[in-house]
Amino acid sequence: MSDKKPDLPETVMEANPEVAARAGEPQQNYVKMAVDYGPVILFGLTFFACSVFKLVPKTDALIWASGVLAAASVLAVLAGLVLEKRIAWIGLTAAILAVPFAILTVVFKNGIFIKIKMTIIDLLIGSFLLGALAMKKQPLKALLGESLKLRDEAWPKLTVYYALFYFAMAAINEVVWRTQTEGVWVTWKMASMVGGPIVLALCLLPVFMKYMIVPDGPDDKTNRHKR
(Lines give C-alpha, C1' and ligand atoms only; values in the text may rest on other atoms or scores of the structure.)
Protein backbone atom coordinates (compact mmCIF):
# COMPACT_ATOMS: atom_id res chain seq x y z
CA MET A 1 0.00 0.00 0.00
CA SER A 2 1.36 3.39 -0.97
CA ASP A 3 1.77 6.16 1.60
CA LYS A 4 0.97 8.75 -1.04
CA LYS A 5 -1.77 11.18 0.03
CA PRO A 6 -4.37 12.41 -2.46
CA ASP A 7 -4.39 16.11 -3.24
CA LEU A 8 -7.28 17.63 -1.25
CA PRO A 9 -8.35 20.47 -3.59
CA GLU A 10 -8.33 18.08 -6.54
CA THR A 11 -10.31 15.55 -4.52
CA VAL A 12 -12.95 18.17 -3.74
CA MET A 13 -13.31 19.11 -7.40
CA GLU A 14 -13.53 15.47 -8.49
CA ALA A 15 -16.18 14.81 -5.83
CA ASN A 16 -18.40 17.56 -7.20
CA PRO A 17 -20.77 15.94 -9.75
CA GLU A 18 -21.25 19.31 -11.40
CA VAL A 19 -17.60 19.91 -12.29
CA ALA A 20 -16.18 16.38 -12.42
CA ALA A 21 -13.75 15.91 -15.28
CA ARG A 22 -11.03 13.48 -16.14
CA ALA A 23 -7.82 14.05 -14.21
CA GLY A 24 -5.06 15.85 -16.04
CA GLU A 25 -7.33 18.15 -18.01
CA PRO A 26 -7.50 21.39 -15.97
CA GLN A 27 -8.18 23.55 -19.01
CA GLN A 28 -11.10 21.35 -20.00
CA ASN A 29 -12.30 21.56 -16.40
CA TYR A 30 -12.46 25.36 -16.62
CA VAL A 31 -14.39 25.16 -19.87
CA LYS A 32 -16.73 22.63 -18.30
CA MET A 33 -17.36 24.90 -15.33
CA ALA A 34 -18.10 27.81 -17.68
CA VAL A 35 -20.55 25.70 -19.68
CA ASP A 36 -22.25 24.30 -16.59
CA TYR A 37 -22.37 27.46 -14.47
CA GLY A 38 -22.54 30.15 -17.14
CA PRO A 39 -26.37 30.31 -17.30
CA VAL A 40 -26.90 30.79 -13.56
CA ILE A 41 -24.12 33.40 -13.39
CA LEU A 42 -25.64 35.33 -16.30
CA PHE A 43 -29.03 35.02 -14.60
CA GLY A 44 -27.69 36.68 -11.44
CA LEU A 45 -25.70 39.35 -13.29
CA THR A 46 -28.74 40.28 -15.40
CA PHE A 47 -30.96 40.56 -12.33
CA PHE A 48 -28.56 42.78 -10.41
CA ALA A 49 -27.68 44.88 -13.48
CA CYS A 50 -31.37 45.54 -14.11
CA SER A 51 -31.96 46.33 -10.45
CA VAL A 52 -28.90 48.46 -9.71
CA PHE A 53 -28.79 50.45 -12.95
CA LYS A 54 -32.60 50.58 -13.23
CA LEU A 55 -32.54 49.27 -16.78
CA VAL A 56 -36.12 48.07 -16.33
CA PRO A 57 -38.76 48.57 -13.63
CA LYS A 58 -37.69 46.84 -10.42
CA THR A 59 -40.58 44.38 -10.62
CA ASP A 60 -39.39 43.26 -14.06
CA ALA A 61 -35.75 42.51 -13.15
CA LEU A 62 -36.45 38.87 -12.37
CA ILE A 63 -38.50 38.53 -15.55
CA TRP A 64 -35.61 39.71 -17.74
CA ALA A 65 -33.14 37.56 -15.81
CA SER A 66 -35.37 34.52 -16.38
CA GLY A 67 -35.38 35.19 -20.12
CA VAL A 68 -31.57 35.36 -20.11
CA LEU A 69 -31.45 32.11 -18.13
CA ALA A 70 -33.61 30.34 -20.71
CA ALA A 71 -31.48 31.51 -23.63
CA ALA A 72 -28.18 30.85 -21.83
CA SER A 73 -29.28 27.33 -20.87
CA VAL A 74 -29.85 26.42 -24.51
CA LEU A 75 -26.55 28.02 -25.55
CA ALA A 76 -24.73 26.09 -22.79
CA VAL A 77 -25.88 22.78 -24.26
CA LEU A 78 -24.71 23.84 -27.73
CA ALA A 79 -21.38 25.11 -26.33
CA GLY A 80 -20.81 21.78 -24.61
CA LEU A 81 -21.30 19.98 -27.90
CA VAL A 82 -19.02 22.32 -29.86
CA LEU A 83 -16.22 22.92 -27.33
CA GLU A 84 -16.12 19.62 -25.46
CA LYS A 85 -17.84 17.18 -27.79
CA ARG A 86 -20.19 16.25 -24.97
CA ILE A 87 -23.70 16.94 -23.80
CA ALA A 88 -23.42 19.01 -20.62
CA TRP A 89 -25.81 17.17 -18.33
CA ILE A 90 -26.31 20.20 -16.07
CA GLY A 91 -26.99 22.43 -19.04
CA LEU A 92 -29.27 19.83 -20.61
CA THR A 93 -31.19 19.45 -17.35
CA ALA A 94 -31.50 23.23 -17.14
CA ALA A 95 -32.68 23.43 -20.73
CA ILE A 96 -35.31 20.73 -20.17
CA LEU A 97 -36.54 21.90 -16.76
CA ALA A 98 -35.47 25.52 -16.37
CA VAL A 99 -36.49 26.79 -19.78
CA PRO A 100 -40.23 25.98 -19.37
CA PHE A 101 -40.26 27.61 -15.93
CA ALA A 102 -38.40 30.63 -17.29
CA ILE A 103 -40.89 30.93 -20.14
CA LEU A 104 -43.79 30.74 -17.66
CA THR A 105 -42.11 33.48 -15.61
CA VAL A 106 -41.80 35.73 -18.67
CA VAL A 107 -45.28 35.02 -20.07
CA PHE A 108 -47.17 35.47 -16.79
CA LYS A 109 -44.71 38.03 -15.38
CA ASN A 110 -44.63 36.11 -12.13
CA GLY A 111 -41.32 35.17 -10.50
CA ILE A 112 -42.81 32.32 -8.51
CA PHE A 113 -42.28 29.92 -11.41
CA ILE A 114 -38.51 30.40 -11.60
CA LYS A 115 -38.28 30.26 -7.80
CA ILE A 116 -40.05 26.93 -7.35
CA LYS A 117 -38.09 25.47 -10.28
CA MET A 118 -35.03 25.14 -8.04
CA THR A 119 -37.08 23.31 -5.40
CA ILE A 120 -38.50 20.88 -7.95
CA ILE A 121 -35.11 20.11 -9.51
CA ASP A 122 -33.47 19.47 -6.12
CA LEU A 123 -36.33 17.19 -5.07
CA LEU A 124 -36.08 15.28 -8.35
CA ILE A 125 -32.32 14.79 -7.97
CA GLY A 126 -32.62 13.62 -4.36
CA SER A 127 -35.48 11.25 -5.20
CA PHE A 128 -33.60 9.88 -8.21
CA LEU A 129 -30.51 9.13 -6.08
CA LEU A 130 -32.48 7.31 -3.37
CA GLY A 131 -34.63 5.50 -5.93
CA ALA A 132 -31.56 4.28 -7.79
CA LEU A 133 -29.98 3.16 -4.52
CA ALA A 134 -33.15 1.20 -3.64
CA MET A 135 -32.79 -0.59 -6.98
CA LYS A 136 -29.15 -1.44 -6.18
CA LYS A 137 -27.84 1.09 -8.69
CA GLN A 138 -24.92 3.45 -8.13
CA PRO A 139 -25.49 6.64 -10.17
CA LEU A 140 -22.77 8.56 -8.35
CA LYS A 141 -20.24 5.85 -9.11
CA ALA A 142 -21.27 5.90 -12.76
CA LEU A 143 -20.78 9.67 -12.83
CA LEU A 144 -17.69 10.07 -10.66
CA GLY A 145 -16.06 6.64 -10.69
CA GLU A 146 -13.55 7.49 -13.41
CA SER A 147 -12.19 10.54 -11.58
CA LEU A 148 -12.79 9.65 -7.93
CA LYS A 149 -11.42 6.23 -7.01
CA LEU A 150 -13.26 4.93 -3.94
CA ARG A 151 -13.90 1.46 -2.55
CA ASP A 152 -17.30 0.02 -3.42
CA GLU A 153 -18.69 0.34 0.10
CA ALA A 154 -18.33 4.14 -0.05
CA TRP A 155 -20.79 4.76 -2.88
CA PRO A 156 -24.06 3.85 -1.10
CA LYS A 157 -23.14 6.14 1.80
CA LEU A 158 -22.25 8.98 -0.54
CA THR A 159 -25.49 8.50 -2.44
CA VAL A 160 -27.49 8.97 0.77
CA TYR A 161 -25.43 12.03 1.77
CA TYR A 162 -25.91 13.67 -1.62
CA ALA A 163 -29.65 12.88 -1.64
CA LEU A 164 -30.07 14.46 1.80
CA PHE A 165 -28.07 17.46 0.60
CA TYR A 166 -30.44 18.07 -2.33
CA PHE A 167 -33.51 17.61 -0.12
CA ALA A 168 -32.03 20.17 2.30
CA MET A 169 -31.35 22.55 -0.60
CA ALA A 170 -34.98 22.25 -1.70
CA ALA A 171 -36.25 23.00 1.81
CA ILE A 172 -33.92 25.99 2.25
CA ASN A 173 -34.94 27.35 -1.16
CA GLU A 174 -38.60 27.26 -0.14
CA VAL A 175 -37.83 29.16 3.05
CA VAL A 176 -35.65 31.75 1.30
CA TRP A 177 -37.97 32.67 -1.58
CA ARG A 178 -41.03 32.79 0.69
CA THR A 179 -39.45 34.96 3.40
CA GLN A 180 -36.75 37.06 1.69
CA THR A 181 -36.53 39.67 -1.04
CA GLU A 182 -35.87 38.73 -4.66
CA GLY A 183 -32.33 40.08 -4.35
CA VAL A 184 -31.58 37.79 -1.42
CA TRP A 185 -33.11 34.83 -3.25
CA VAL A 186 -31.06 35.43 -6.41
CA THR A 187 -27.90 35.66 -4.29
CA TRP A 188 -28.86 32.41 -2.58
CA LYS A 189 -29.52 30.72 -5.92
CA MET A 190 -26.12 31.67 -7.32
CA ALA A 191 -24.20 30.81 -4.14
CA SER A 192 -25.95 27.48 -3.57
CA MET A 193 -25.72 26.23 -7.14
CA VAL A 194 -22.06 27.16 -7.58
CA GLY A 195 -20.71 26.68 -4.06
CA GLY A 196 -23.16 24.24 -2.50
CA PRO A 197 -21.76 21.01 -3.99
CA ILE A 198 -18.21 22.17 -3.27
CA VAL A 199 -19.06 22.85 0.39
CA LEU A 200 -20.66 19.40 0.60
CA ALA A 201 -17.54 17.80 -0.88
CA LEU A 202 -15.40 19.59 1.71
CA CYS A 203 -17.66 18.29 4.48
CA LEU A 204 -17.33 14.77 3.07
CA LEU A 205 -13.53 14.84 2.90
CA PRO A 206 -13.20 12.44 5.88
CA VAL A 207 -15.32 9.92 3.95
CA PHE A 208 -13.23 10.39 0.80
CA MET A 209 -10.00 9.96 2.75
CA LYS A 210 -11.29 6.83 4.47
CA TYR A 211 -12.34 5.03 1.30
CA MET A 212 -9.92 6.54 -1.22
CA ILE A 213 -8.00 4.12 -3.41
CA VAL A 214 -4.61 5.72 -3.95
CA PRO A 215 -2.68 4.18 -6.86
CA ASP A 216 0.94 3.25 -6.28
CA GLY A 217 3.43 5.69 -7.76
CA PRO A 218 6.40 4.71 -9.95
CA ASP A 219 8.74 4.76 -6.96
CA ASP A 220 6.52 2.34 -5.06
CA LYS A 221 6.48 -0.11 -7.97
CA THR A 222 10.28 0.11 -8.34
CA ASN A 223 10.79 -0.54 -4.64
CA ARG A 224 8.52 -3.57 -4.73
CA HIS A 225 10.50 -5.08 -7.61
CA LYS A 226 13.75 -4.63 -5.67
CA ARG A 227 12.44 -6.50 -2.65
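The values are calculated or read from the model by the stated rules, or taken from the named source; none is laboratory data. What you see is a predicted model; the values in this text were computed from it and never measured. Accessible surface areas use protein heavy atoms only, side chains included; no ligands, DNA or RNA. Shrake-Rupley method; radii C 1.70, N 1.55, O 1.52, S 1.80 Å.
Accessible surface of V74 in the full protein assembly, 1.4 angstrom probe, to the nearest 10 Å²?
Solvent-accessible area, nearest 10 Å²: 70 Å².
Among K157, K115, what's the order by accessible area (1.4 angstrom probe), most exposed first?
Highest to lowest solvent-accessible surface, that is K157, K115.
So for K141, K58, what's the accessible-area order with a 1.4 Å probe, most first?
K58, K141
Among R178, R151, what's the order by accessible area (1.4 angstrom probe), most exposed first?
R178, R151
Report the accessible area of V99, computed with a 1.4 Å probe over the heavy atoms of all protein chains in place, in Å² rounded to the nearest 10.
20 Å²
What accessible surface, in Å², does a 1.4 Å probe find on F165, ignoring ligands, DNA and RNA and rounding to the nearest 10?
30 Å²
Between their Cα atoms, which of K32/K117; K137/K210; K85/K109; K85/K210; K85/K149; K54/K115 are more than 27 Å away from each other?
Details: K32/K117 23 Å; K137/K210 22 Å; K85/K109 36 Å; K85/K210 35 Å; K85/K149 24 Å; K54/K115 22 Å.
In this structure, K85/K109; K85/K210 lie more than 27 Å apart at Cα.
So for segment 54-156, Kirkwood radius off the Cα pairs, Stokes-Einstein at 10 °C and 1.306 mPa s: how many µm² s⁻¹?
Value of D from the Cα-based Kirkwood radius: 100 µm²/s.
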